[in-house]
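Enquirer: Here it is, the structure in full.
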Amino acid sequence: MAKILIHGSGHKAESWNETISYMENNDDILCPNLVSILEGKEASYVNLYSSFIEYCGKIDGPVHLCGISLGGILALNYALDFPEKTKTLILIGTPYKVPKAAFAFQNMIFRFLPKSVFENMAFDKKDTFALGNSMKSLDFSSRVQNIKCPTLIICGKKDNANMKSAYYLAQNIKNAELKIIENVGHVVNEEAPEALAKILDEYYCLYS
């Protein structure tokens, strides 16, 4: 059964490489490149989510979904819309709704950054703004209780921006489990790849 690991907007699919290298069972892991699956379409959330639906639809049977940040939002959205296709759900540093004030501040900072800064990010400067602006009204707070599959919420102890969301998701998704990783910030798969790999292995072992 395929395990799909979905990167965030600030990092590329390769950000999962080290975590995967520590995992015991990694033959069935897929890491879609979110820019590539758009296939040249405008970088909006609607287009990206539609492309993600198509990507998952090409895989036979249910899938294990694991996403960080934007990848977590896509995974959460998909699990709500396609419960029969979602075996398990793992959300890392994932907001259940887009925090408008923090988002506006981030956009202000991004606006003054040179284009070169975005070379290591999933999307270039123009597409980062376009995608972000299309996500302003995203809010899953009234739907998360409808998640039926086994769910694991992961958050770095230093990820202050998403800690409140982690607790909210854990409390509002039935039978969800919460793991807080000490001394780690938002980018858990790059900051603590070995610890994350162990958590993923143990979780997937329960639901393989």
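Enquirer: Consider only pairs whose beta carbons are under 8 Å apart and that are at least six residues apart or on different chains; among these, list those whose first residue lies in the stretch 1-24 and is within 22 Å of S208 (Cβ to Cβ) and whose second residue is open to solvent by 60 Å² or more (accessible area, probe 1.4 Å) and of a type in the set (K, R).
Expert: Close Cβ pairs (under 8 Å, with a partner that is open to solvent by 60 Å² or more (accessible area, probe 1.4 Å) and of a type in the set (K, R)) amount to M1/K87; Y22/K198.
Enquirer: Determine the pairs where a residue that is farther than 22 Å from G132 by Cβ and outside any strand (DSSP E or B), located within the stretch 43-72, has a partner that is of a type in the set (A, V, I, L, M, F, W, C) and open to solvent by less than 10 Å² (accessible area, probe 1.4 Å) with Cβ atoms under 9 Å apart, the partner being 6 or more residues away or on another chain.
Expert: These pairs meet every condition: C56/I4; C56/V63; C56/L65; I59/I4.
Enquirer: Sticking with this one: Does the stretch 157-173 hold any residues that are charged (D, E, K, R) and open to solvent by less than 20 Å² (accessible area, probe 1.4 Å), and which are they?
Expert: Within the stretch 157-173, the subset charged (D, E, K, R) is 157-159, 164.
Matches in the stretch 157-173: D159 only.
Enquirer: Here is a check on your reading of the model: is L91 modelled with pLDDT of 95 or more, under 21 Å from D124 (Cα atoms), of a type in the set (A, V, I, L, M) and open to solvent by less than 10 Å² (accessible area, probe 1.4 Å)? Steps first, answer last, please.
Expert: Numbers: modelled with pLDDT of 95 or more: yes; under 21 Å from D124 (Cα atoms): no; of a type in the set (A, V, I, L, M): yes; open to solvent by less than 10 Å² (accessible area, probe 1.4 Å): yes.
So L91 does not fit the description; no.
Enquirer: Please state which of the following conditions Y49 fails to meet, knowing it meets all the rest: (1) open to solvent by less than 40 Å² (accessible area, probe 1.4 Å); (2) closer than 25 Å to D201 by Cα.
Expert: Just one mismatch for Y49, condition (2).
Enquirer: Hey, another quick one. May I ask you to say which residue of E14, E24 is charged (D, E, K, R), surrounded by fewer than 15 Cβ atoms within 10 Å (Cβ to Cβ) and under 21 Å from Y203 (Cα atoms)?
Expert: On the way: E14 fails: under 21 Å from Y203 (Cα atoms).
After applying the criteria, what remains is E24.
A quick yes/no check of all residues on (1) assigned to a strand (DSSP E or B); (2) touching a residue at least 40 places away in the same chain (Cβ under 8 Å):
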residue: C155; (1), (2): yes, yes
residue: A161; (1), (2): no, yes
residue: G185; (1), (2): no, no
residue: E190; (1), (2): no, yes
residue: L196; (1), (2): no, yes
residue: L200; (1), (2): no, yes
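The values are calculated or read from the model by the stated rules, or taken from the named source; none is laboratory data. What you see is a predicted model, and the numbers here were worked out from it, not measured in a lab. For neighbour counting, all protein chains shown are included, and Cβ atoms are generated from backbone atoms with ideal geometry for every residue, glycine included. Protein only, heavy atoms only, side chains kept; ligands, DNA and RNA dropped before computing areas. Shrake-Rupley method; radii C 1.70, N 1.55, O 1.52, S 1.80 Å.
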